[in-house]
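Any read-out appearing in this document is the output of simple, stated calculations on the displayed coordinates, not a laboratory observation. Just so it is clear, the structure is predicted and the values come from calculations on it, not from any experiment. Methodologically, a virtual Cβ is constructed for each residue, glycine included, from the backbone with ideal geometry; neighbour enumeration extends over all protein chains shown.
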Amino acid sequence: MFAFLPVVVAGYYGLCRAKQGLLAQVWMLLASIVFYAWGRLEHLVWLVVSILLNWAIAKIIARTSDVSTRKQWLVLGIGLNICLLGTLKYAKFILTNLSYIFPVPVVLPEVWLPLGISFFTIQQVMFLVDCYEGLVPASRLFDHATFVSFFPCVSSGPISRVRQLLTQIQRTQGPSAQTITGGLVLFAIGLFKKVVLADSFAQIVDLIFNHTKTLSGIQAWLATFAYTFQIYLDFSGYSDMAIGIGLMFGLVVPMNFDAPYRSCSIIEFWQRWHITLSKFITVYLYTPMIRCFKQVSLVKACIVTVLAMLIAGLWHGPSWTFVTFGFLHGLALSVNQVWRKKIKIKMPTILSWLVTFLFVSIAFVFFRSPDMMVAFETCGALLPHGNWFGTELDKVVGRYEIAQLTVLSAVGVLASFLGPTSSQLAQGLTLSRRSALAYASLLLVSFLFMNSTKGHDFIYFAF
């Protein structure tokens, strides 16, 4: 924020103003390589291998006229991407589960998961499919590398399709004062969401989830709702920052969140939550699977929905908790489809919202829990039982300033349910001293929190 980002944006802006478009793109690519290699240099190898492999296969698909051969190359490309992701991310999970059936000791070398591998693998698969469908041409290696490695998005998205971002990168017209200002506003909002609001909820969540065996009912519900807001403010905060940095380069990165907790159905929730992943699930998982059937029925559509969400759940990580999370959402989406098409009973808005929010919150228990045992213990504590009020709530939460956490949590809850979204604030921005002071204050408060409280990694960095 204080060195890398200002230098990179200023350099890019200066090159664009000097009408050095090619050099501006080179500067962006070099900055992305430095950013990615900064954490662990060896992980850059995996990113480069992925870029070269997919670019080469896309070129072959583009040059091949025979439909059958093109499809074979597409299948090979998707298979290699899955193998790369599976080997690095899921090999230990698969072999460990097999060892329960076949009692053979499993010893694998410890492999650090490359930053953002799940995200840039999805982008590569989308690129290959779009090339196969003729929706985009096979781009130059230089352009493809710039697109895939673009540093604000490479680690946690938003997940962009080639035709959404690459043509903007190639134009290299540079950002205007308006887009830079909008980018700074989104960045300030996103940083505030993360380090002030999300990390405040994280303090509550981390403490209570360390006491799941003795949870009272109030503690269990407090942890459940706190994590619901933590993950939203954390990931939407990251997305705001990534989109904001994109605007600083004059690039419009796709929106990822649209006030999802205001949804009145689980279908609407997935139209508002992690929007770029939802579109991937719909276009690249659900649609191809449903096309396998000659005749589509509601039952078949529900089965495919569950399968697609199981894959999406496993995509988040090698754990049965993520698989369960995906299954629960697939089941809920199927019930929602049946309700809309067969039952057709319209629920009161407040009731449909409440059911949706409660389901989403409880499903997130599995997403947060380190294993199924903790998830079941937490869900069990949500039910009425003898230890409803508990006697140790003050000891668990009382290590921190209760008043501060209460105020910040209230701000986070209100921001999630009321008022304009981050993108609406940035789009409707009126340049004035008052607005400049307001967003500068957000940055200042965020910097103070970063300097005075324990930092938490972005949740989606783990994926």
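Tabulated results
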read-out: D (Stokes-Einstein, µm²/s), Kirkwood Cα radius, the chain, 0.890 mPa s at 25 °C; value: 103
read-out: Relative contact order [Cα under 8 Å, 6+ residues apart], the range 153-292, whole percent; value: 33
read-out: The range 300-366: C-alpha gyration tensor shape, a/c 1.5 cut-off, then a/b vs b/c; value: oblate
read-out: Flagged links, alpha-carbon separation over 29 Å, of Lys71/Lys279; Lys300/Lys344; Lys193/Lys300; Lys19/Lys279; Lys71/Lys342; Lys92/Lys193; value: Lys193/Lys300; Lys19/Lys279; Lys71/Lys342; Lys92/Lys193
read-out: Spatial extent of the range 165-206: Rg and Dmax, with the Cα atoms as the point set, Å; value: 16.0, 46
read-out: For the range 245-387: rounded, prolate or oblate by the Cα gyration tensor [a/c cutoff 1.5]; value: rounded
read-out: Packing rank of 45-58, 65-78, where each peptide gets the mean count of other beta carbons within 10 Å, highest leading; value: 45-58, 65-78
read-out: Percentage relative contact order, the range 239-378, counting C-alpha pairs under 8 Å, at least six apart; value: 22
read-out: Rg/Rg_ref, the range 249-298, where Rg_ref = 2.2 N^0.38 Å and atoms are Cα; value: 1.47
read-out: At 0.692 mPa s and 37 °C, Stokes diffusion of the range 261-343 via Kirkwood alpha-carbon radius, µm² per second; value: 251
read-out: Label-point separation in nm, Asp371 to Ser99, each point 7 Å along Cα→Cβ; value: 1.3
read-out: Intensity falloff of the range 58-210 expressed as log10 I(q)/I(0), Debye formula with alpha-carbon point scatterers, at q = 0.15 Å⁻¹; value: -1.01
read-out: Column: log10 I(q)/I(0), Debye, Cα scatterers of the range 142-247, q = 0.21, 0.23, 0.24, 0.25 Å⁻¹; value: -1.03, -1.14, -1.19, -1.24
read-out: Cα-Cα pairs of the range 15-112 separated by more than 20 Å (percent); value: 62
read-out: Normalised convex hull volume, the range 60-109, alpha-carbon set, Å³ per residue; value: 88
read-out: Efficiency of FRET from Cβ geometry, Ser432 and Val26, R₀ 56 Å, rounded to 0.05; value: 0.90
read-out: Karplus (6.51, -1.76, 1.60) ³J(HN,Hα), θ = phi - 60°, over the range 217-227, in Hz, Gly and Pro reported as x; value: x, 5, 4, 5, 5, 4, 5, 4, 5, 4, 5
read-out: Sequence-separation-based contact order of the chain, relative, with Cα cut under 8 Å and 6+ spacing, percent; value: 19
read-out: Karplus 3J(HN,Hα) series, Hz, for the range 47-63 with 6.51 cos²θ - 1.76 cosθ + 1.60 (x for Gly, Pro); value: 5, 5, 4, 4, 5, 5, 4, 6, 5, 5, 5, 4, 5, 5, 4, 5, 7
